[in-house]
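Scroll down for the structure; my scribbles are underneath it.
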Amino acid sequence: MTRDTPDTDERRPDEMTLDELRAEIEDIDREIVELIARRTYVAETVAQVKDERDLPTTDEGQEEQVMRRAGQNAERFDVDSNLVKAVFRLLIELNKVEQRESR
């Protein structure tokens, strides 16, 4: 299995039962939460490095790069770019709030 194709026992979604589809969504939701937790941990480490080096919490250039990559990945996977960017804006804002609170 590659990350570009979902693992559904090699069956197409239209060949799965409603319960199987819901179980697949449940697995995906768990993976999303796991990735958010992983991203948050790394962002907290970034905050520590910024604090040690007396760097500002906000880095607009880096935020622009994150948003550009989000848009490119949305296109790659044929997902609504505005939706993906909205999710990433939220993640960035949450990380900035946590960074400010930890200082």
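The values are calculated or read from the model by the stated rules, or taken from the named source; none is laboratory data. Because the structure is a prediction, the values reported are computed rather than measured. No Cβ is skipped: glycine too gets one built from the backbone with ideal geometry, and neighbour counts run over all protein chains shown. For accessibility, only protein heavy atoms count, side chains too; no ligands or nucleic acids. Shrake-Rupley method; radii C 1.70, N 1.55, O 1.52, S 1.80 Å.
Brief remarks follow.
- Segment 43-66, subset over 21 Å from the mean Cα position of the chain (by Cα) and surrounded by 13 or more Cβ atoms within 10 Å (Cβ to Cβ), residue farthest from Phe88 (Cα to Cα): Asp51
- Screening the candidates Val79, Val33, Val66 for the property of being modelled with pLDDT of 95 or more and assigned to a loop (DSSP other than H, G, I, E, B) yields one hit, Val79.
- When residues of segment 75-93 are limited to those that are aliphatic (A, V, I, L, M) and open to solvent by 90 Å² or more (accessible area, probe 1.4 Å), the one nearest to Val49 (Cα to Cα): Leu90
- Scanning segment 8-30 for residues that are outside any helix (DSSP H, G or I) and open to solvent by 70 Å² or more (accessible area, probe 1.4 Å) returns Asp9, Glu10, Arg11, Arg12, Thr17.
- Screening Ala43 on (1) within 23 Å of Pro13 (Cα to Cα); (2) assigned to a helix (DSSP H, G or I) shows it passes everything except condition (1).
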